[in-house]
Amino acid sequence: MSATGRIAEKYADTEYPDSDGKPVGETEFHVTATFHLFGALRQYFINSDNIYVAAGMFLYYTEKDSQVATKTRM
């Protein structure tokens, strides 16, 4: 089984919300800045197979799981 499969199986019963129930309150400036930064980072890392660039996503930390903490960098 792949490492991704083992991780997915380990956390299969964990629920991660995809919304906080609050309306998005960014201004036009914030949205524009996010799009520009997202595009710049995607272009910069275009040839990097081990980098994933995303925006507008929730980030969940896993309590007491040193593997996640040591393999995740921002």
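Within the range 55-66, is even one residue assigned to a loop (DSSP other than H, G, I, E, B) and modelled with pLDDT of 90 or more? No, every residue in the range 55-66 fails to be assigned to a loop (DSSP other than H, G, I, E, B) and modelled with pLDDT of 90 or more. Identify all residues within the range 9-33 that are among the polar types (S, T, N, Q) and either more than 22 Å from TYR61 (Cβ to Cβ) or modelled with pLDDT of 90 or more (or both); write none if there are none. Once the filter is applied, which keeps residues that are among the polar types (S, T, N, Q) and either more than 22 Å from TYR61 (Cβ to Cβ) or modelled with pLDDT of 90 or more (or both), the range 9-33 yields THR27, THR32.
Looking across the range 16-39, the residues that are surrounded by 10 or more Cβ atoms within 10 Å (Cβ to Cβ) and in a helix (DSSP H, G or I) come down to HIS30, VAL31, THR32, ALA33, THR34, PHE35, HIS36, LEU37, PHE38, GLY39. Criterion applied to ARG6, ARG73, ARG42 was being assigned to a helix (DSSP H, G or I) and modelled with pLDDT under 70, and the one residue passing it is ARG6.
The values are calculated or read from the model by the stated rules, or taken from the named source; none is laboratory data. These numbers come from a predicted model, not from an experiment. Neighbour counts run over all protein chains shown; Cβ positions are idealised from the backbone, glycine included.
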